[in-house]
Structure formats: C-alpha cells, structure tokens
Amino acid sequence: MKILVLGKYDPYVSVGGAEKYAKDQLDELSSFDNEIIAVFSSKSAKGYEKRISKNIRIIVLPKLFELLESPFTKPFYRFLMKGRPELVWMHLPNPFWELYMLFYLLIKGKHFKLVSTYHADAPHYTIVSKIADFLRMFWLFPLLKKHDMMISTSKEYAHHSFVLRYFLDKTVILPIKIREDELKIRPRRPKIKLGKNDRIVLFIGRLHGYKGVEYLIEAFANVLKKVNNAKLVIAGDGPLKNRLINLSRNLSIDSNVYFLGRVSNAEKVWLLKNSDLFVLPSINRGEAFGIAMIEAMYFSRPVISTRIKGSGVTFVNKDGVTGIVVEPMNAEQLSKAIIKLLSNGKQRNKLGRNAKKRALKLFIKKRKEKYFQNIVEIV
C-alpha cells in the first residue's frame, strides 16, 4: 500500500516519545512491503531528503518559524497530489499541519483513507497557549470528523481528552510497545563516577515543564538526609536544563546530582541496568504515556510516578504492584516514596519483578508482530 506519514520531527534524528513511536511505525510498515513517504518539519531553516530503506523515503521541510513549539513550514500538498497515497497517517498535535490538511480536504476532497495517532492534548502553560488551543479547536474538530480512524495510546487518555472523547466511536486504543531488540544491546557506561555502594535514582526524559523534574530535585534534597549514599542521575536535555542545574546548586546537593544530557541507547541501557529505581515526576497530561517507564520496567526496576488523571501513566505503572504512585507537584510524597524503596531491598526487588512481568505482557513488541500493519489492513 502507498502510505503518506505526516509527523512533527524526523524520528531518525529527534529524540522523544512521539518520534520513537513514529520510527517504530515506519520500520514495521516498511517490513510489510508498504511504500512509504514520510514528511516531517525541520528544527532549522534547512530541509533535506533521505532514503532509510527501499520502502521508506523521508522528506524534511525547512522550518520558516515556530509558534508555541509548533513548527511552521510550507504545505505538504505536493505529496498528496503527486504521490496519490492510499492512506495518510498523521501524528497529532501539529497545529499548522492540521490546518493544512483541513484546507486540502475542503478544496480537493478526500481521495485517501485518513488515520491519526493522537499523542496528547496540548498542555496549557500560559494564557496565550490556552487562547491558541481554543482557536485550534475551530479546525481540529472539523478535521477529526473527516477521519476514518483515530488512535489513542490508552483508554484513560482517550476518555479524558477534551478532543478524543467526542470521537470515541472512531477511536482505537493502541498502547505503545517497544522493541525488545533495542534494549538487548551491549551497554556502555556513561562518563559518570559512581561507587559500588551508591544507590542510583534515575530519570530519563526531556527537561521540559510538564516533566516536573524540579520536584524530583527538591525531593532528593530530603532523600539525602536519610540515604546519604543516594545519587540522582538525570539523563536528557531540554529548555530547563540550566535552571535545574542551578536549583541543585542552590539546594547544595549538586555533588550528588548528575546531569548527563542526551545519552546514547547503549548508555541508557547501562543506566537502566545499574539504577535502583526509576522516577517519572510529571505534573500534567502533557505526559501521555511515559515510554521511559516501560524501558525501566523491562529491566526489573520499580517505578515511582505521579497520579495524573486521564493520562496513560496511570495505566503503565500500578501503585503497589510495579511501583509507587504519588500526587503530582508533591516533593514530600516523592521523597518518602524514594526513601521507602531505597531502604527496602526486598520490596524494591518484588516490585521490580512485577514490573518486568507487566512490561513483557503488555508493552514489549514481538518480532514480526503486526501492530501498526493491523491498522492499515482494517481501516
């Protein structure tokens, strides 16, 4: 089948949950002999083209400007008109491209099946972002009405989304799965000094507001009063990195907090294998699922996460079964949970074993499994 995939950023270059999902999607669909053109936005003013395999052609359009973290490019219409795809698969949210697609459908009509993976509602950080998202509804709702199918990564998210809950009759739940072969690689130790007796608390993710890493750092200051050999390892990059580094310095815990920046897959595997527990302190539904939790669970690491109503995070990590769930933006609860697990190896190991079982049962993709291909065949 001829498939056009429309996403935000090149998943073979960018790191993030939506990008990882798109990469796995492209790799799988190409293995079933679909002919795929995938179009993305560049993070710079330069675009490029490349061929990933005989079945995947990537086109990255240059970014003209960015508004509220949404890239603006020229329209992708030539790939719809000349490519004549049988299926178009979009990744949302992507406001400008949503508007482009609606205009195209209104003017040219619909000559293809239309499917979208709805990764998350746009988080509201400021009055401006709230106004922008309100205006977005004027084109997003008409666009979704023209869809053949919507995909959500969890039932919880679909039923609480201020958009998807109006389209549940055409929404399919497709939880995120990760490929085991990406985790079964030779680990490589990052440049970090850790002792044999150090207790490692690990966070992996983008250093963005919705991740709530500042609450984890504040909590860790209390953890060190009880567990003096604890180390907090933060792997990832983002706009809040310098602010978070300064916070750890102001709390006088910077000698026990390591900011590694972006790590390779091999380094990530080493961290997951050698950590004692994993923490995802996200504060709102900008965290729609939490792929890093699955990776930690695969390596039998208990997870401490937050209770975000209507997010897939509550579906992945089960309180008292695979880890501990605390209230968001609550450094005190977070510190108590970390201290509890670092101080109780028996409980930590039990939760870790349960986490491994849950990961293998629900979130690990089998080789040659028809996951995205099933959608192509039934839409």
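Bear in mind that the values in this text are calculations on the coordinates, not laboratory data. Worth saying up front: this structure is predicted, and the values here are computed from it rather than measured. Note that each Cβ is placed from the backbone with ideal geometry, even for glycine, and that neighbours are counted across all protein chains shown.
Worth pointing out:
- Cα-only radius of gyration and Dmax that characterise segment 162-228, units Å: 19.3, 54
- Cα point-scatterer Debye curve for segment 2-174, base-10 log of I(q)/I(0) at q = 0.10, 0.16, 0.19, 0.20 Å⁻¹: -0.36, -0.99, -1.45, -1.61
- Inter-site label distance for R186 and I127 at 7 Å from Cα along Cβ, in nm: 5.8 nm
- Student exercise, segment 118-260 dipole from Lys, Arg, Asp, Glu Cβ charges, in Debye to nearest 20: 560 debye
- Vicinal HN-Hα couplings computed from phi for segment 223-230 (Karplus, 6.51 cos²θ - 1.76 cosθ + 1.60; Hz; Gly/Pro x): 4, 5, 6, 10, 10, 6, 9, 7
- Summed residue charge, Cβ within 12 Å of F278's Cβ, Lys/Arg positive, Asp/Glu negative: +2
- Label-point separation in nm, L99 to K357, each point 7 Å along Cα→Cβ: 5.1 nm
- Treating each Cα of the chain as one equal point scatterer and applying the Debye formula with no solvent, the log10 of I(q)/I(0) at q = 0.06, 0.07, 0.08, 0.14 Å⁻¹ comes out as -0.23, -0.32, -0.42, -1.24.
- At R0 = 41 Å, FRET efficiency that the Cβ-Cβ distance of S343 and R367 yields, to 0.05: 0.55
- Using a Gaussian network model of the chain in which every pair of alpha carbons under 10 angstrom is joined by a spring, one finds that among A235, A45, A266 the greatest mean-square fluctuation is at A45.
- R0 of 25 Å, Cβ-Cβ distance Y166-L68: FRET efficiency to nearest 0.05: 0.60
- If you plug the beta carbon distance of K43 and A266 into 1/(1 + (r/R0)^6) with R0 = 35 Å, you get a FRET efficiency near 0.90.
- Farthest toward positive dipole pole in segment 55-183 [+1 Lys/Arg, -1 Asp/Glu at C-beta], among F72, T126, L183: F72
- H208, H91 arranged by Cβ crowding within 10 Å, fewest neighbours leading: H208, H91
- Basic side chains Lys and Arg get +1 at the Cβ, acidic Asp and Glu get -1 at the Cβ, and with that the dipole of the chain about its Cα centre reaches some 1000 debye.
- Rh by Kirkwood over Cα pairs, then Stokes-Einstein D for segment 182-364 at 0.692 mPa s and 37 °C, µm²/s: 205 µm²/s
- Cross-linked pairs K23/K50; K8/K130; K20/K46; K193/K273; K50/K368; K273/K350: Cα-Cα separations exceed 19 Å for K8/K130; K20/K46; K50/K368.
- Of all aspartates and glutamates in the structure, those lying under 17 Å Cα to Cα from K318, and not within fewer than 8 positions of it along the same chain, are E156, E287, E295, E327.
- Residue (of L106, I52, F141) at the positive-pole extreme of segment 1-155, dipole from beta-carbon charges: L106
- Nonlocal amide H pairs with R307, under 5 Å, H built at 1.01 Å: V326, E327
- Here D33, D198, D121 are placed in order of increasing Cβ neighbour count within 10 Å, fewest first, which gives D33, D198, D121.
- Charge dipole (Cα centre; +1 on Lys/Arg Cβ, -1 on Asp/Glu Cβ; no other charges) of segment 2-174 amounts to roughly 600 debye.
- As a proxy for reagent exposure, ranking E182, E66, E295 by other Cβ atoms within 10 Å from fewest up yields E66, E182, E295.
- Three principal axis lengths of segment 324-372 [C-alpha, angstrom, descending]: 44, 27, 9
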